[in-house]
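Please treat every number below as a calculation from the coordinates, not as lab data. Everything quoted here is computed from the prediction, not taken from an experiment. Here the Cβ positions follow ideal geometry from the backbone for every residue, glycine too, while neighbour counts run over all protein chains shown.
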Amino acid sequence: MTKEQFVKDIRAGIPDTLPEPQAYDTTINHAPKRKDILTEEEKRLALRNALRYFPQKFHAVLAPEFAEELKTYGRIYMYRFRPTYEMYARPIDEYPHRSQQAAAIMMMIQNNLDKAVAQHPHELITYGGNGAVFQNWAQYRLVMKYLSEMTDEQTLVMYSGHPLGLFPSHKNAPRVVVTNGMVIPNYSKPDDWERDNALGVSQYGQMTAGSYMYIGPQGIVHGTTITVLNAARKVGGNNMKLFVTAGLGGMSGAQPKAGNIAGVVSVTAEINPLAARKRYEQGWVDELHENLDELIPAIRKAVEEKRVVSMAYVGNVVDLWERLADENIRVDLGSDQTSLHNPWAGGYYPVGQSLEESKRMMAEAPEEFKEKVQESLRRQVAAINRLTAKGMYFFDYGNAFLLESSRAGADIMGKNGKFRYPSYVQDIMGPMFFDYGFGPFRWVCSSGDPKDLATTDRIATEVLEEIRKTATPDIIGQLDDNIHWIKEAGKNQLVVGSQARILYADSEGRIKIALAFNEAVRSGRISKPVVLGRDHHDVSGTDSPFRETSNIYDGSQFCADMAVQNVIGDSFRGATWVSIHNGGGVGWGEVINGGFGMVVDGSDDSARRIQQMLLWDVNNGIARRSWARNKGSIDAIKREMERTPNLTVTLPNLVDDGIIDKAF
């Protein structure tokens, strides 16, 4: 397709002539069939809802086709309307637009749906089994059309993938405001998502899927690297560390690369051969193994040789854990990144069943599938317990592993009704990074030029090295790890999809890096605007009691004020787009999270937005963590108040335990 044809297709939105049906591509990793949850009357409603995107002249043809999709897949994806052009992040100038900010958003959307990036691209799912950009292809087409037409005095309103429309606003307002899955709390159980999504009225946006900010597995590889690094430091010793985990999907696929960067032997189980092969072909895992009899000696040999290597076991993780325990293999670090926020719809597959058998059971016998999953979790935890008894350090990586294992009746509870294993946020990420404002800051070069990305790497390095000269001792280690990371980023070949980068930075670091980028765009050192963002998994962006806020101990870990306030504050301080989601990471109904995107174009206006918005985006969370009496946050917010005029934060007064004891 030529550039002119691409532009014409984008501007057309819903085509005036029905496109021909497309063959189901078996080479693509497709979403599993969803459970048959709708009543007959609700199925009629789902079809009526789908057809409202199209003129009446199409209804007679589309109605039976969409009804068949609903029957076959449990959803109406509108495959016929999937564009025939290649889906990837084009240079910003190739998008038809009246607003450069809108063109940047179009680029980010297409990156989320790139088959090299997305887990189930034809079902518009970026990662996590159900983390959707849109519910169907009509929504995609309408959104791209609206973005191509909008001005800097309009805002596109998005309801769970559905474009409500373009509304008059002003140039300082966000160009897009996104909500995903924002249902009434009493209707936020997993089956409520299944029903609402099948009806076409809500979706699970995960975190950066539904907010157009996913940058491929690199988006999590840095966080995973510093988690593994610091977990290894906790274990101590000079031996080569063996790290065992599971999952090679959209987010979990970062684990082998992180293991290599951290300097360990890693073994990652993945049940889906297509996912494992994809990561191997992209260079994110070194070896594929399909047989445990061959894998176990390979593990022993690598550890003995102290050879850094990443191995993928194409099989069920329970079989791997049980074999390691039976063979008395010393495992130093253990975790899990299967999509257990979505255990009944493809996020976790039971042992003893093939992938295809599991998919059939999931759709046709969901209660039996649930029993098999829970039985597998009980077995997996039992094997993990055997290995931790011999010294393995196991941590939950924020995928609801502990939560779902406890619901399955696994032996996962410790004293006082608490989990026997920590969340990685409790032990590592929270006290070492989030409490000080360090989190997953990211950027994308809208030119698509690797030279621009290399320039941003150099700029970020220079900024962090300058900050380090006057940094306090409590953040020197974080700065050193990130300086090392960004210096090595190019060599580690982290780019999949857009020309993007991530590093963990605090408020000072993010603002100074962003301002330096803005100046580089102004001067021409960087050829086109830079898109700033972050993972929702951050200091302020997410309220999640079993992950991001698991190291909040004042009882407010179940409150969502921080995430909601964050997106509201970002929206009027300069974000180009904002999003707020129900679900993400640990599951629908378990978390509220939000994010932003900001286009940095070299203007004075961009500099103002950077200073105002990034300050709030980080320090909202530090202030909340400070009020929860987290020591690192108290210190960090005091430093920020000294540095920033007009910032006044309520600080906690600490009470002696003896006084509390005497009161009862």
Query raised in the report: Quick one: length gained pulling residue 294 to residue 238 fully straight, 0.36 nm per residue minus the C-alpha distance?
Result: 17.5 nm
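Expressed in nm², what is the orientationally averaged projection area of the convex hull enclosing the Cα positions of region 74-127? Mind dumping the intermediate values first?
Numbers: hull surface 17.6 nm².
So the Cα hull casts an average projection of 4.4 nm².
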Query raised in the report: Kirkwood Rh over Cα pairs of region 460-617 into Stokes-Einstein at 37 °C, 0.692 mPa s: D in µm²/s?
Result: 194 µm²/s
Report summary line: Simple spin-label estimate for residue 662/residue 98, 7 Å along Cα→Cβ, in nm, reads 7.1 nm
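Taking 19 Å as the cut-off for C-alpha to C-alpha distance, list the pairs among 8/171; 33/57; 145/528; 451/528 that go past it. Before the final figure, lay out the partial values.
Numbers: 8/171 27 Å; 33/57 30 Å; 145/528 23 Å; 451/528 11 Å.
Over 19 Å apart, Cα to Cα: 8/171; 33/57; 145/528.
Please compute the length gained on full extension between residue 71 and residue 378, using 0.36 nm multiplied by the number of residues separating them and subtracting their Cα-Cα distance. Working shown, then result.
Working: separation 307, 0.36 × 307 = 110.52 nm, distance 3.30 nm.
The span from residue 71 to residue 378 would gain 107.2 nm if fully extended.
What fraction of the DSSP beta bridges in the chain is antiparallel, stated in percent and rounded to the nearest 5? Provide the component values of the computation, followed by the final result.
Numbers: 33 of 62 bridges.
Taking every DSSP beta bridge within the chain, about 55 percent pair in antiparallel fashion.
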**Report entry** Antiparallel DSSP beta bridges within region 218-422, as percent of all bridges there, nearest 5
**Finding:** 5 percent
Query - Label selected from (1) 30.1, 98; (2) 42.9, 163; (3) 24.1, 78, the criterion being Rg and Dmax of the Cα atoms in Å as computed here - result: (3)
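Calculate the FRET efficiency for residue 371 and residue 420 from the Cβ-Cβ distance with a Förster distance of 35 Å, rounded to the nearest 0.05. Don't skip to the end; give the middle numbers.
Working: r = 24 Å, r/R0 = 0.68.
It comes to 0.90.
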Query raised in the report: What is the spin-label model distance, in nm, from residue 282 to residue 407 if the labels are put 7 Å beyond Cα along the C-beta direction?
Result: 2.8 nm
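In this model, which of 487/631; 115/189; 189/372 are farther than 22 Å apart at the alpha-carbon? Present the calculation step by step, with values, prior to reporting the outcome.
Values: 487/631 31 Å; 115/189 30 Å; 189/372 20 Å.
From the list (487/631; 115/189; 189/372), the Cα-Cα distance tops 22 Å for 487/631; 115/189.
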**Report entry** Computed magnitude of the charge dipole of region 114-197 (debye, nearest 20; Cβ of K, R +1, Cβ of D, E -1)
**Finding:** 140 debye
Report task. Can you find, among 641, 524, 552, the residue farthest towards the positive end of the dipole of region 435-658? Put +1 on the C-beta of Lys and Arg, -1 on that of Asp and Glu. Result -> 524
Report task. Take the alpha carbon atoms of region 276-316, find their center, do the same for region 554-576, and report the distance between the two centers in whole angstrom. Result -> 41 Å
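Students often get this wrong, so check it: of 301/359; 43/359; 3/35; 241/638; 71/418, which have C-alpha atoms separated by over 31 Å? Intermediate values should be presented prior to the final figure.
On the way: 301/359 36 Å; 43/359 22 Å; 3/35 40 Å; 241/638 38 Å; 71/418 42 Å.
Violating the 31 Å limit, Cα to Cα: 301/359; 3/35; 241/638; 71/418.
Assuming R0 = 41 Å, what is the FRET efficiency of residue 557 and residue 3, from their Cβ-Cβ distance, to the nearest 0.05? All intermediate terms of the calculation are to be shown ahead of the outcome.
On the way: r = 50 Å, r/R0 = 1.22.
So the FRET efficiency works out to roughly 0.25.
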Query raised in the report: What nm value, rounded to one decimal, do you get for the distance between residue 14 and residue 469 when each label is placed 7 Å out toward the C-beta?
Result: 6.0 nm
Report summary line: Treating only Lys and Arg (+1) and Asp and Glu (-1) as charged, each at its beta carbon, one finds that region 435-658 has a dipole about its Cα centre, in Debye to the nearest 20, of 560 debye
Requested in this report: Please give the length that would be gained between residue 330 and residue 186 if that part of the chain were fully extended, namely 0.36 nm times their separation in residues minus their C-alpha to C-alpha distance (nm, one decimal).
Outcome: 47.3 nm
Report task. Would you work out which of 593, 92, 295 lies farthest towards the positive end of the dipole of the chain, given +1 charges on the beta-carbon of Lys and Arg and -1 on that of Asp and Glu, about the Cα centre? Result -> 92
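At 222 nm, what helix-only mean residue ellipticity would the chain give, in deg cm²/dmol to the nearest 500, using -39500 (n - 2.57) for each DSSP H run of four or more? Walk me through the numbers before you get to the answer.
Values: 21 runs with 280 residues, N = 664.
After summing the helix terms and dividing by residue count, I get -13500 deg cm²/dmol.
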Requested in this report: Have a look at 540, 464, 492 and report the one farthest towards the positive end of the charge dipole of region 450-545, computed about the Cα centre with Cβ charges (Lys/Arg +1, Asp/Glu -1).
Outcome: 492
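Report, in debye and to the nearest 20, how large the dipole of the chain comes out about its Cα centre when Lys and Arg carry +1 and Asp and Glu carry -1 on their Cβ.
620 debye
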